[in-house]
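**Student:** Got a structure for you, questions after.
Read-outs throughout are calculated quantities, based only on the coordinates presented, and are distinct from any laboratory measurement. Since we're looking at a predicted model, the values are computed, not measured. Because the Cβ atoms are built from the backbone with ideal geometry, glycine has one as well, and the counts that use them run over all protein chains shown.
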Amino acid sequence: MMHRKKKEKAIESTLLMVSGVTVVALFLLCFFLFREGYLLFGDYSIISFLTETSWYPSSSPAKFGLLPLLTGSLIVTAGAIVLSVPLGLASAIYISELADPKIAQLIKPFVEILAGIPSVVYGFFGLIVVVPLLQDLLDLPTGQTALAGSIMLGMMALPTIISVSEDAINSVPTALKEGSLALGSTKWQTIYRVVLPAALSGISAAVMLGIGRAIGETMTVMMVTGNTAIIPGIPEGLFDPVRTMTATIALEMGEVPQGSEHFHALFAVGAVLFLITFMINLIADSVKKKYRLQEGV
């Protein structure tokens, strides 16, 4: 009995230590990121950083305006969500509620394969197929636009939205569905009025995770959006080249002198990106908890 308790205590201590390492690693990451970003504001105004409309690190004086990068990221992400959420939710409904079990089992591996494809492969596909197609169809000067980035990010967010939404829909108790059908509702009425409201917490989480997946993507958007640091208009900005925050960090970090103003500016951009994704995760978690409380779970 004593030996068993010691063994359980050792396992508990090991798990606690592993959890502690994770927390410490996250803390160190945040500390390093924010410390390096904060050093920019010794000589450069934080107001200028947040409101400046130009990103010209090599000009004299250098301009580190976050606004064009933030706007580009938001436009590309918004376009991706508009494309991926309806398709992802429709696919999840079909797989979980409408498809023959054999067909559903056939589709699921393809969704998982989509999730496992490297982002650079998506980027190549976008560069070779989507970009020329958009240029020809829309008669644009270049196909490397925010729309191309939105299409590719929408494709990349689809597996996350489909998988999480499908799990949420499958978790709805069968008794609720059967009760709705027994009262005379059609299959579609049951899906719309019973299944989707009951699965709303999971679906909301799927959407927020999709947004996080899109806004944090680097390689694909770097290859298909044109990387022009300008503030695009809305909605016509979808047809203009843009540059996202992630692409800026990836393109410029390898070439800047360590400790320079430009170096710290890139860390400041990374800190803003971290805060945005952190807030997205917080919102997803709060939405999920809210609907769980409403459902009495």
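**Student:** Helix 101-116: angle to the longest alpha-carbon principal axis of the chain, degrees 0 to 90, nearest 10?
**Tutor:** Tilt relative to the chain: about 20 degrees.
**Student:** Then there's this: Please tell me which of these pairs span more than 26 angstrom C-alpha to C-alpha: Lys5/Lys289; Lys102/Lys289; Lys6/Lys289; Lys102/Lys187?
**Tutor:** Check vs 26 Å cut-off fails for Lys5/Lys289; Lys102/Lys289; Lys6/Lys289.
**Student:** Normalise the Cα radius of gyration of segment 167-266 by 2.2 N^0.38 Å (N = residues in it) and let me know the number.
**Tutor:** 1.79
**Student:** Where the only charges are on Cβ atoms (+1 Lys, Arg; -1 Asp, Glu), what is the dipole of the chain about its Cα centre, to the nearest 20 debye?
**Tutor:** 1400
**Student:** While we're on this one: For the pair Asp139 and Leu15, what calculated FRET efficiency results from E = 1/(1 + (r/R0)^6), where r is the Cβ-Cβ distance and R0 = 45 Å, to the nearest 0.05?
**Tutor:** Efficiency at R0 = 45 Å is approximately 0.15.
**Student:** Rounded to the nearest 20 Debye, what is the dipole magnitude of segment 118-276 about its Cα centre when Lys and Arg each give +1 and Asp and Glu each give -1 at the C-beta?
**Tutor:** Roughly 600 debye, rounded to the nearest 20.
**Student:** With unit charges on the beta carbon (Lys/Arg positive, Asp/Glu negative), name the residue among Phe32, Ile11, Gly42 whose Cα is farthest towards the positive pole of the charge dipole of segment 2-42.
**Tutor:** Ile11
**Student:** So how far apart, in nm, are the two label points at Ala62 and Tyr38 if each is 7 Å from Cα heading toward Cβ?
**Tutor:** In this crude label model, Ala62 to Tyr38 measures out at 2.0 nm.
**Student:** On average over all directions, what projected area in square nanometres does segment 2-42 have, based on the convex hull of its Cα atoms?
**Tutor:** 2.7
**Student:** Oh, and also: Output the 0 to 90 degree angle, nearest 10, between the alpha-carbon long axis of helix 146-170 and the longest principal axis computed from the alpha carbons of the chain.
**Tutor:** In the chain, helix 146-170 runs at an angle near 30 degrees to the longest axis.
**Student:** Give the order of Thr145, Thr160, Thr244, Thr218 when sorted by the count of other beta carbons within 10 angstrom, beginning with the fewest.
**Tutor:** Thr218, Thr160, Thr145, Thr244
**Student:** Quote the Stokes-Einstein diffusion coefficient, in whole µm² s⁻¹, for segment 49-295, based on the Kirkwood radius over alpha carbon pairs, a temperature of 20 °C and a viscosity of 1.002 mPa s.
**Tutor:** So the translational diffusion coefficient is about 109 µm²/s.
**Student:** Roughly how many Å is it from the Cα centre of segment 22-56 to that of segment 123-155, as a whole number?
**Tutor:** Cα centroid to Cα centroid, the span is 32 Å.
**Student:** Oh, and also: With springs only between Cα atoms under 10 Å apart, run a GNM on the chain and tell me which of Ser84, Ser163, Ser45 wobbles the most.
**Tutor:** Ranking Ser84, Ser163, Ser45 by mean-square fluctuation puts Ser45 first.
**Student:** Still on this structure, I have one more. Can you tell me the FRET efficiency between Leu181 and Met279 if r is taken as the Cβ-Cβ distance and R0 is 51 Å, rounded to the nearest 0.05?
**Tutor:** It comes to 0.80.
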